[in-house]
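For reference, the structure discussed in these notes is given below.
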């Protein structure tokens, strides 16, 4: 993930671009750069490291000008070096900043090199600059040149482009990665996120998929859609910053973060999905080679992240055909693990500073793994810096101690890993049910909207929570990939309501837990419409036969008899079976939240717990 800022104004834009980069640094921190039009020529500074390194360069040698583009980078193609930093130039003709991945860049690169274009970086982005320079030789406008090459680029991208042929113009394009237009007084801006521009405007146009925009003199803004038709997009006023210090209209941070999940799931997918497949390059410049050599995976994590790893085991083995072991980090390094040939070491952490997980990674480096991948929410964290590859979950800051959106975005990242492995190893995610890679990709694109439908059931779940007000114990049940979701549901309830709760695979009821079931033991189950549904129904009948009170979250197409007082069923919208574990997490989060509110506990800061465990 990278960040773009651009400006066309009647004042010096260097400070505007630099401030925008600082606000976008969460999107990438390994290098930063800026190109400004000065005396109708492209002038550029680039620096490796955080935006502060670029700032130091600008203090020594300012770049004055009234139009410019800037970028902060998170590497996918090529390591963090000055040559790989954006903006990329083609001689003195074009400057480009790019967020995303160009899947077919190698074919473009070979042809351009044969035609005499010299590449100075290892990135996929540089082909865009050379393609534009080539197109401009035909005498077309910069806008027309971008429009022409868009049809030749495969993958996902957001672009900001300048050329001295039109010194007061910046052109932008969106395909799979976000881009917003900031509307000022006689000036206009582009950015990956409106937060980058709040220092200069509170009015924004959110570009739609396939849109192109031209920013010109006097703040002019021209937009065309994917078909080339001129369109007007509405201007939205950004009324307040969604800052981490504010709960907004929500009673607790946890509730706010639960309801942010459709947005952050969308962010976790942003720029990582092509039309029919995952973009494996999202995992970093060396990802393809590492994934191609992966024959087994060890996943190491703690707490909620461990539960995400358990779900991923089902996914990776079923859809990618890769054997998986999942282990609690605090246990892993105190035994003598056997590492089979071709094993990838995967760590999960919200903060990237979890002491046990970090220690496990450092221990693993001595054991013969082929490489390490961190799935994390914090760029620049120790876990990310010390791993060979990293995939950011993009959940944003999570204030509530009980993890919600960090967990669901980890699940999204793990499904992307599953699909990336499947694509790289050539299995086409085809199992005994005929499930295909493209089917799951299509389902992922609809997931944020389906999550919104589940969150709309909040009032029903709040009413259901009344039954738990006087309870002291609870049992959560799931089968298959939903067993870890039962574990996570139990963890949430115990964390914030202090009700003792346990998660079990439903098929294990007869092996002990049935002894606990009576009218005072609520039993919560998730019932997606999958191939284990029949067996799950039999397990639920075992609970009813022992006088237990059942609370079932079921697929809308699943029929469960709830005519008796001992069963309460809440139906959820149907979702692709592969993604059901993620969806069924949401009602369990809401249930735990509302029970905790009824109990009067400190929801956001439960006793004895801390957000980031940085000691062993």
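The values are calculated or read from the model by the stated rules, or taken from the named source; none is laboratory data. As the structure is a prediction and not an experimental result, all values here were calculated from the model. As a convention, Cβ positions derive from the backbone with ideal geometry for all residues, glycine included, and neighbour counts pool all protein chains shown.
Computed quantities for the displayed model
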{"read-out": "Residue list for segment 536-559, restricted to those being within 15 Å of residue 479 (Cβ to Cβ) and out of contact with any strand residue (DSSP E or B) (no Cβ under 7 Å at 6 or more places or on another chain)", "value": "537, 538, 541, 542"}
{"read-out": "Residues within segment 297-351 that are out of contact with any helix residue (DSSP H, G or I) (no Cβ under 7 Å at 6 or more places or on another chain), free of Cβ contacts under 8 Å to residues at least 40 places away in the same chain, within 21 Å of residue 491 (Cα to Cα) and assigned to a helix (DSSP H, G or I), tallied", "value": "2"}
{"read-out": "Residues within segment 143-164 that are in contact (Cβ under 8 Å) with a residue 60 or more places away in the chain and either within 26 Å of residue 82 (Cβ to Cβ) or not in a loop (DSSP other than H, G, I, E, B) (or both), tallied", "value": "14"}
{"read-out": "So residue 154, is it surrounded by fewer than 22 Cβ atoms within 10 Å (Cβ to Cβ) and on the phi > 0 side of the Ramachandran plot", "value": "no"}
{"read-out": "Any hit, segment 560-567, residues being assigned to a strand (DSSP E or B) and in contact with a helix residue (DSSP H, G or I) (Cβ under 8 Å, 6 or more places away or on another chain)", "value": "yes"}
{"read-out": "Test result for residue 492, crowded, with 24+ Cβ neighbours inside 10 Å and farther than 18 Å from residue 536 by Cβ", "value": "yes"}
{"read-out": "Any hit, segment 123-132, residues being farther than 23 Å from residue 46 by Cβ, in a helix (DSSP H, G or I), out of contact with any strand residue (DSSP E or B) (no Cβ under 6 Å at 6 or more places or on another chain) and modelled with pLDDT of 95 or more", "value": "no"}
{"read-out": "Test: residue in segment 67-89 that is at pLDDT below 95, part of a helix (DSSP H, G or I) and touching a helix residue (DSSP H, G or I) at 6+ places or on another chain (Cβ under 8 Å)", "value": "no"}
{"read-out": "Top-ranked residue of segment 478-512 - restricted to ones that are assigned to a loop (DSSP other than H, G, I, E, B) and in contact with a strand residue (DSSP E or B) (Cβ under 8 Å, 6 or more places away or on another chain), ranked as modelled with the lowest pLDDT", "value": "479"}
{"read-out": "Flag if residue 578 is at pLDDT 85 or above, more than 29 Å from residue 415 (Cα to Cα) and in a helix (DSSP H, G or I)", "value": "no"}
{"read-out": "Unmet criterion (only one of (1) at pLDDT 95 or above; (2) over 21 Å from residue 582 (Cβ atoms); (3) crowded, with 24+ Cβ neighbours inside 10 Å) for residue 346", "value": "(2)"}
{"read-out": "Filter result for residue 108 (in the same structural domain as residue 190 (by TED's automatic domain parsing), in a helix (DSSP H, G or I) and surrounded by 16 or more Cβ atoms within 10 Å (Cβ to Cβ))", "value": "yes"}
{"read-out": "Any pair with Cβ under 7 angstrom, 6 or more apart, that starts in segment 193-216 at a residue that is without any contact (Cβ under 8 Å) to a residue 40 or more places away in the chain and ends at one that is in a loop (DSSP other than H, G, I, E, B) and buried (at least 20 other Cβ atoms within 10 Å of the Cβ)", "value": "207/179"}
{"read-out": "Single condition residue 78 does not satisfy, out of (1) surrounded by fewer than 17 Cβ atoms within 10 Å (Cβ to Cβ); (2) closer than 24 Å to residue 122 by Cβ", "value": "(1)"}
{"read-out": "Within segment 212-240, tally of residues that are part of a loop (DSSP other than H, G, I, E, B) and out of contact with any strand residue (DSSP E or B) (no Cβ under 8 Å at 6 or more places or on another chain)", "value": "6"}
{"read-out": "Count of residues meeting criterion [at pLDDT below 85 and loosely packed, with under 14 Cβ neighbours inside 10 Å] in segment 212-241", "value": "3"}
